[in-house]
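Mind having a look at this structure? Questions to follow.
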Amino acid sequence: MELNGLSAIVTGGASGLGAATARALNQAGAKVALFDINQEAGEVLAHEIGGTYCQVDVTDDASVDAGFASARAAHGQERILVNCAGIGKSVKTASRNRETGEVRSYPLDLFDRIIQVNVLGTFRCISKSAAGMLSLDPLETGERGAIVNTASVAATDGQIGQAGYSASKAAIVGMTLPIARDLMNEGIRVNTILPGIFDTPLMAGAPDTIKQALAASVPFPKRFGDPVEYASLALEILRNVYLNGESIRLDGAIRMAPK
C-alpha cells in the first residue's frame, strides 16, 4: 500500500506509540486524524502535523461515530486505521495487606474498564472503520484498507497483577486472525503488534531504579523500545500487502518474568 495521499486514523494518537505513528504517517504523506480523549495534547500534535484532532472516547459508541464523521469530513474515508488507545493497571487477583491482614479481591469495575477500553474499544473502531472502507474502490493492489492493532507481550507472558491487562491484550491477539478472515474478500488486511517495554508516558512515572532494571532485562538491545520503532513497524505492516492476519512481537527478545 502506497501511503502518500491516503486518509489515516490513529486512536490514542495524542501520545506515546500513537503519536509516533501519527508523525510517521504524516511524514509518509498520509492525511492523519487523531482520536484521543486528551484534547490539549491532541490539538497540539494535530497542529504540528497538519492533521485533525477528534476528541473520542473509544468506549462510547456515539463518541466514536462522531469521531469518524469528523475525520471523514476533513480527509475523506480512511483506508488506514491504527489502534493505539489502551489502558493498564496492576492489581493482584487476590491480595493480603501485610500490616493489617485484610484480604482483598480484584475490583471488578477496574477489570471491566480495562476490557471496555482495550478490547471493545479496539473492536468498535475496527468494525466501524472497516464498514466505511467497504464503500471504497480497491487500490491497484486489490486492497481497500489496512488495520493495525496494539496488543502487548503481556498477552502471552503477563506479570503479577496483570490478569486484567493480559486478558485484554490476549483478546486483541485472539481476534486478529478471525477479523482478517471476516474481511479477506473485501481486501482489508488486519495485523497486530505486541510491543515489549517501551519508553512511553505509561513508563514515565516509574522510579529510575525500576526503569534501569527493566531495560537491563531486555536481551538486546538492553533498553526500552523507542515509539519511533513501533511506528516504523506499523508503517511496514501497512505497506506490505502480503502481511495479513499476523501478530508480531516487537520486544528485543524479552520474555517477561513473573515480576
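Every number here is computed from the coordinates shown, using simple stated rules; none is lab data. On a predicted model such as this, the values are computed, not experimentally measured, just so you know. Methodologically, a virtual Cβ is constructed for each residue, glycine included, from the backbone with ideal geometry; neighbour enumeration extends over all protein chains shown.
Among Leu120, Leu214, Leu17, which one shows the biggest mean-square fluctuation in a GNM of the chain, springs joining Cα atoms closer than 10 Å?
Looking only at Leu120, Leu214, Leu17, the biggest GNM fluctuation is shown by Leu214.
Could you give the length gained on full extension between Ile248 and Arg104, defined as 0.36 nm per residue of separation minus the Cα-Cα distance, in nm?
48.2 nm
Further question: Report the charge-dipole magnitude of the chain in Debye, nearest 20, computed about the Cα centre from +1 at each Lys and Arg Cβ and -1 at each Asp and Glu Cβ. Please list the in-between numbers first.
Numbers: 23 positive and 27 negative charges, 165 e Å.
That gives the chain a dipole magnitude of about 800 debye.
Same structure, new question: Calculate the dipole size of the stretch 40-154 relative to its Cα centre from +1 charges on Lys and Arg beta carbons and -1 charges on Asp and Glu beta carbons; express the result in debye to the nearest 20. Could you put the intermediate results ahead of the total?
Values: 11 positive and 15 negative charges, 113 e Å.
The dipole of the stretch 40-154 has a size of about 540 debye.
In the stretch 130-259, with Lys and Arg counted as +1 and Asp and Glu as -1 at Cβ, which of these residues, Leu243, Thr141, Val173, has the Cα nearest the positive end of the dipole, that is, farthest along it?
The residue sitting most towards the positive pole is Val173.
If I fit a long axis through the Cα atoms of helix 121-133 and take the longest principal axis of the Cα atoms of the chain, what angle between them do I get, 0 to 90°, rounded to 10?
For helix 121-133, the angle is close to 10 degrees.
Let me ask another. How much net charge surrounds Gly145 when only the other residues with a Cβ under 9 Å from the Cβ of Gly145 are counted, with Lys and Arg +1 and Asp and Glu -1?
Details: positive: Arg79, Arg144, Arg189; negative: Glu78, Glu143, Glu186.
Net charge around Gly145: 0.
Between Gln159 and Asp137, how many nm apart are label points set 7 Å from Cα along the C-beta direction?
If labels sit at Gln159 and Asp137, their model points lie 5.2 nm apart.
Show me 7-16, 224-233 ranked by packing, highest mean number of other Cβ atoms within 10 Å first.
Numbers: 7-16: 27.8, 224-233: 18.7.
Result, highest mean first: 7-16, 224-233.
Suppose each label sits 7 Å from its Cα in the direction of the beta carbon; what would the Asp112-Ile210 distance come out to in nanometres?
About 2.7 nm separates the two model spin labels.
Please report how far the C-alpha centroid of the stretch 32-94 lies from that of the stretch 131-176, rounded to the nearest whole angstrom.
Result: 16 Å between the Cα centres.
Okay, moving on. Treat each spin label as a single point 7 Å out from the Cα along the C-beta direction, and report the Gln27 to Arg239 distance in nm.
1.2
Springs between alpha-carbon atoms under 10 Å, Gaussian network over the chain: tell me which of Glu78, Glu186, Glu102 tops the mean-square fluctuations.
Evaluated over the chain, the most mobile residue of the options is Glu102.
Residue farthest toward the positive end of the dipole of the chain, with Cβ of Lys/Arg at +1 and Asp/Glu at -1: which of Ile114, Ala85, Ala71?
With unit charges placed on the Cβ atoms, the residue in question is Ile114.
What is the helix-to-structure angle for 39-49, meaning the angle in degrees between its Cα long axis and the longest Cα principal axis of the chain, kept from 0 to 90 and rounded to the nearest 10?
The angle comes out near 50 degrees.
If you count, for each residue, the other Cβ atoms within 10 Å and average over each peptide, how do 45-52, 167-174 line up from highest to lowest?
Listed from highest to lowest mean packing, they are 167-174, 45-52.
Just how many % of Cα pairs in the stretch 118-234 lie over 18 Å apart, if you round to the nearest whole percent? Don't skip to the end; give the middle numbers.
Numbers: 4067 of 6786 pairs.
Counting every Cα pair in the stretch 118-234, those more than 18 Å apart make up 60 percent.
Continuing with this model, one more query. If the chain between Phe220 and Leu177 were fully stretched, how many nm would it gain, using 0.36 nm times the residue separation less the Cα-Cα distance?
Numbers: separation 43, 0.36 × 43 = 15.48 nm, distance 2.90 nm.
Fully extending the segment from Phe220 to Leu177 adds 12.6 nm.
Moving on to the next point. Checking the a/c ratio against 1.5 first, then a/b against b/c, what shape does the Cα gyration tensor give for the stretch 1-83?
Since a/c reaches 1.5 but b/c is at least a/b, the shape of the stretch 1-83 is classed as oblate.
Taking the chain as a Gaussian network, Cα atoms linked when under 10 Å apart, which of Thr192, Thr100, Thr150 shows the biggest mean-square fluctuation?
Thr100
Along the charge dipole of the chain, which of Gly101, Ala33, Leu214 sits closest to the positive end, that is, farthest toward it, with unit charges on the beta carbon of Lys, Arg, Asp and Glu (+1, +1, -1, -1)?
The Cα lying farthest towards the positive end belongs to Gly101.
Given the pairs Lys92/Lys222; Lys31/Lys128; Lys222/Lys259; Lys89/Lys169; Lys89/Lys211, which are separated by over 22 angstrom at their Cα positions? Each step should come with its number before you reach the end.
On the way: Lys92/Lys222 28 Å; Lys31/Lys128 19 Å; Lys222/Lys259 18 Å; Lys89/Lys169 13 Å; Lys89/Lys211 17 Å.
With Cα atoms farther than 22 Å apart: Lys92/Lys222.
From the C-alpha coordinates alone, can you work out the Kirkwood hydrodynamic radius of the chain, in Å? Walk me through the numbers on the way to the answer.
Details: mean 1/r = 0.0534 Å⁻¹.
Kirkwood radius, the chain: 18.7 Å.
Going by alpha carbons, how many degrees (0 to 90, nearest 10) lie between the helix axis of 16-27 and the longest principal axis of the chain?
It is inclined by approximately 20 degrees.
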